[in-house]
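What follows is a set of notes on a single structure, which appears directly below.
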Amino acid sequence: MKVAVVGLGAMGGGIARSLLHSPDIQEVRGFDLNPEAVSKFGEEAAAAGKAADFLPADLRLQCFVTEETNVTVIVLVNEAQCNSVCFENDCNNLESILNEGSCVMLCSTVTAMWSRSAFERFAKKGIQFTDCPISGGPVRALAGELSIMASGEDKSLQYIQPLLKAMGEQIHIIPGGAGMGSTAKMVHQLLAGVHIVVAAEALALAAKAGLDVEQMYDIVSGAAGQSWMFCDRGKRMISNPENKVMSALAIFIKDMDIVYSEAKRLQSPIPLATAALQQYISGASLGLTKADDSQVVKVYEALSGVSVQKPAAAPKEGDDVGDIWMLPDGREEKIVEVGAEARHNIIISNEYTRVLQVKVDPNDTTAAHKRTEDSVYFYLVEGGLNIVNHAKGNDPVSDLVEFGEVSYGAHKYSPLVQKITNKSDCAMLLIDAEVLKSPPVTSSAPLVAESHDLISKWHDRCRVYKLSLDPG
């Protein structure tokens with residue numbers, strides 16, 4: 001099965017990556033208007049052996065979704081974007097590109113009316129359509145643990161089973177055809193949106209009453225008044241020093257407006273949801289449209305004159321993630337976990353190993369990063385590399401590494417904080433495989449197999465073999 005994911009944002013990017021692990025999917029392409037997101041995912045798909053033969057240089061939909069595409073997954077921000085990709089832009093849309101029998105899997109939050117209309121329009125071309133909105137956030141999207149509210153014709157839902165299995169932990173089949181999944185998501189978003197606003201209201205009241213908001217958060221999180229949104233968003237309302245945006249406030253203005261419009265059409269009163277929508281709109285008026293949705297708390301802070309968010313503690317000098325490294329030239333640099341360093345890209349992650357693909361351009365230096373797991377390093381640049389390794393607590397050391405060189409870093413009991421500078425004329429390419437856990441089946445004897453040569457062994461944790469195959 002060949003799959004294309006349209007939209008590689010926080011959710012779409014996670015979904016596309018989760019599909020790389022499915023044995024039933026042979027190819028995954030990712031399309032986005034952000035060329036960096038497209039390029040990065042293309043590299044990961046290639047590393048997983050599931051990329052197209054070539055990565056198109058032209059960022060046009062028809063270069064990524066083709067007549068050979070079996071399923072197109074749409075993960076876009078709003079209904080207008082979905083309509084544009086599906087039916088607008090002359091012939092550069094899914095209606096024009098896809099073959100009869102292929103399937104569109106809609107994961108965006110849209111109105112049920114639009115989903116039904118899209119189903120009818122695609123059906124005229126013999127294209128299947130499933131309405132499958134999602135919930136769970138970027139972390140669960142990447143892990144393939146989303147909640148999915150799937151609706152559509154039975155044959156179409158059966159057709160996308162490999163994707164549902166790869167993407168979701170809780171798969172809910174909603175009867176009634178396309179549009180009913182979006183209806184279920186609409187009801188879900190009513191609760192989610194209200195819970196965030198109520199969490200902000202409660203914490204602001206606690207602050208106004210002179211309570212310690214962190215203690216109040218702990219009390220509610222372990223008592224009957226807690227909700228998933230309170231526990232998740234409440235934490236960021238109190239402390240979000242890096243201003244991380246997990247889900248923008250603007251999304252809930254859009255989602256709660258869908259709730260309001262559908263409830264109005266059905267003549268079903270929703271006073272709490274309507275009040276919550278007004279608080280999100282108030283947040284937008286404060287300039288918070290692109291801020292994390294938890295920052296709707298600033299509406300209450302502005303009205304009540306108190307602050308819920310604790311001031312960020314000044315980073316201290318030390319060796320832990322988040323601490324400061326005072327460099328020899330007097331500069332300060334915050335230490336990050338190696339997987340969060342910009343040049344280290346996680347391509348495989350499970351309970352046994354985490355594999356990072358590392359690329360450092362010529363004369364570029366990585367950020368200060370900390371390693372806490374034993375790692376095997378594979379250097380992949382013909383002609384070798386000239387690098388400078390600066391480990392915290394030591395002077396920088398120049399090192400020459402050869403193509404195919406393999407080394408082992410024992411960091412589990414001796415964590416390493418370092419910066420690496422590439423002094424070569426070409427990019428440094430490296431595979432960093434962390435050894436997290438021994439597999440359930442092990443052997444004291446090395447593998448005996450044709451074309452496999454044992455080249456390195458470190459204690460009982462890891463063996464490295466070289467596989468040599470002649471052309472053909």
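The values are calculated or read from the model by the stated rules, or taken from the named source; none is laboratory data. Here the structure is a predicted model, which means the values were calculated and not measured. Backbone-built Cβ (ideal geometry, glycine too); neighbour counts: all protein chains shown. In case anyone asks, the SASA skips ligands and DNA or RNA and just uses the protein heavy atoms, side chains included. Shrake-Rupley method; radii C 1.70, N 1.55, O 1.52, S 1.80 Å.
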Got a sec? Which of K155, K124 is touching a residue at least 12 places away in the same chain (Cβ under 8 Å) and among the basic types (K, R)?
-> K155
Failed condition for V28, given (1) at pLDDT 90 or above; (2) open to solvent by 10 Å² or more (accessible area, probe 1.4 Å); (3) more than 18 Å from I127 (Cβ to Cβ) | (2)
Taking only the range 293-307 into account, find how many residues are β-branched (V, I, T) and farther than 15 Å from A250 by Cβ.
-> 2
Could you identify the single residue in S407, S451, S414 that is more than 23 Å from L469 (Cα to Cα) and small (G, A, S)?
-> S414
Mind checking whether some residue in the range 211-221 is in a loop (DSSP other than H, G, I, E, B), without any contact (Cβ under 8 Å) to a residue 12 or more places away in the chain and either under 21 Å from A16 (Cα atoms) or more than 28 Å from the chain's Cα centre (by Cα) (or both)?
-> yes
Identify, by number, the condition in (1) surrounded by 24 or more Cβ atoms within 10 Å (Cβ to Cβ); (2) in a strand (DSSP E or B) that A178 doesn't meet.
-> (2)
Examine the range 225-234 for a residue that is in a loop (DSSP other than H, G, I, E, B), touching a residue at least 12 places away in the same chain (Cβ under 8 Å) and aliphatic (A, V, I, L, M), and state whether such a residue exists.
-> no
Could you list all residues from the range 163-175 that are open to solvent by less than 30 Å² (accessible area, probe 1.4 Å) and either in a strand (DSSP E or B) or of a type outside the set (A, V, I, L, M, F, W, C) (or both)?
-> G168
Breaking point among (1) at pLDDT below 95; (2) surrounded by fewer than 19 Cβ atoms within 10 Å (Cβ to Cβ), for Q309 = (2)
Restricting attention to the range 287-295, does a residue exist that is among the hydroxyl-bearing types (S, T, Y), open to solvent by 30 Å² or more (accessible area, probe 1.4 Å), within 31 Å of the chain's Cα centre (by Cα) and closer than 24 Å to S108 by Cβ?
-> yes
Residues satisfying the stated conditions in the range 85-109, i.e. open to solvent by less than 10 Å² (accessible area, probe 1.4 Å) and either in contact with a Pro (Cβ under 8 Å, 6 or more places away or on another chain) or of a type in the set (S, T, Y) (or both) = S102, L106, C107, S108
Residue among A37, A45, A51 that is of a type in the set (G, A, S), open to solvent by less than 60 Å² (accessible area, probe 1.4 Å), assigned to a loop (DSSP other than H, G, I, E, B) and in contact with a Gly (Cβ under 8 Å, 6 or more places away or on another chain) | A51
Scan (1) open to solvent by less than 20 Å² (accessible area, probe 1.4 Å); (2) not in a strand (DSSP E or B) for the single condition E67 breaks and write down its number.
-> (1)
